[in-house]
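Note sheet for the following structure.
Just so it is clear, none of the values below were taken in a lab; they were calculated from the coordinates. The shown structure was predicted, so the numbers you read here are calculated from the model rather than taken from an experiment. So basically every Cβ, Gly included, is an ideal-geometry build from the backbone, and we count neighbours across all protein chains shown.
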Amino acid sequence: MNISSEGEKRIKGEREKSPFPLLPVSPSQITILIADDHPIFRKGLLQVIQIEPDLVIVGEAADGQTALEQIKTLKPDVAVLDIDMPKKNGFVLAQEIGDYKLPVKIVFLTMYKEENAFNRALDLGVKGYLLKDSAVTDIVAGIRAVASGLHFISPAISSYLINRHTRAGRLEDEKPGLKDLTPMERRILKLIADNKTSKEIAAELFISARTVDNHRTNIATKLDLHGSHALLKFAFDHKSEVD
């Protein structure tokens with residue numbers, strides 16, 4: 001949880017001047033970056049977080065591109081991101097964080113109460129999903145939970161997580177072969193759902209395209225899928241249920 005030497009340089013010329021002093025960070029402290037394009041809302045969150053001795057703000061951003069640059073350089077433990085931001089929205093930013101394999105846990109801030117937006121966020125690896133109308137109340141507990149590897153969802157939409165797990169269980173019952181998939185096969189199925197080609201999957205997993213194709217064949221066999229597009233359709237249809 002320490003800030004890197006690069007982070008301490010504060011990315012001269014690549015980001016806004018930070019109001020945060022360069023203070024030593026204890027290994028027990030959680031470093032945080034906040035990105036939201038509404039300065040008054042962002043300031044309110046900062047004030048709530050800064051009074052907690054175990055939480056350390058290392059940067060803030062008003063748009064998605066600046067947030068990505070700061071995450072790369074400052075390497076915070078947790079990034080608190082608004083979904084609606086200029087330059088890069090939260091979904092695009094979360095996708096790129098995953099593509100770059102940046103070791104940061106993500107908390108989304110949003111006005112969206114739609115369940116499909118929630119599922120899309122979790123599909124991208126987001127650990128926390130907070131509604132803005134309760135963010136000031138939930139943000140501290142949310143950051144601590146996410147930093148420890150747990151999910152944290154605003155109480156008003158906590159049923160969405162239950163629904164997600166229920167659908168996943170139902171899918172296991174409907175497709176018994178799913179539980180027979182190896183961890184690698186599950187990962188490949190998830191990447192297929194992201195519309196990645198065998199070549200792209202191979203590059204991401206550091207295996208050959210032929211190996212990916214063999215896995216695809218095995219997955220289709222275990223799930224009793226037939227036809228050239230059956231596996232792709234299954235992956236798309238069940239993206240939010242397949243981990």
3J(HN,Hα) from dihedral phi, segment 133-146, Karplus parametrisation 6.51/-1.76/1.60, rounded to Hz, x for glycine, proline: 6, 10, 4, 4, 6, 9, 4, 5, 5, x, 4, 5, 5, 5
So the number of lysine pairs in segment 171-237 with alpha-carbon atoms under 20 angstrom apart, 8 or more residues apart or on different chains, is 12
Any residue on another chain or 5+ positions along whose placed amide H is under 5 Å from the amide H of Ile30 is listed here as Leu55, Val56
For Lys88, residues with placed amide H under 5 Å, excluding near neighbours: Gly64, Gln65
Note down the nm distance, to one decimal, between modelled labels 7 Å out along Cα→Cβ at Lys113 and at Val140. 2.6 nm
Ranked from fewest to most other Cβ atoms within 10 Å of their own Cβ, Glu60, Glu115 fall in the order Glu115, Glu60
Starting at the first residue of segment 113-121, write each ³J(HN,Hα) from the Karplus equation 6.51 cos²θ - 1.76 cosθ + 1.60 with θ = phi - 60°, in whole Hz, x for Gly and Pro. 9, 6, 5, 5, 5, 4, 5, 4, 4
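Percent of alpha carbon pairs in segment 171-237 separated by more than 13 Å? Numbers along the way, then the final one.
Numbers: 1343 of 2211 pairs.
It works out to 61 percent of all Cα pairs.
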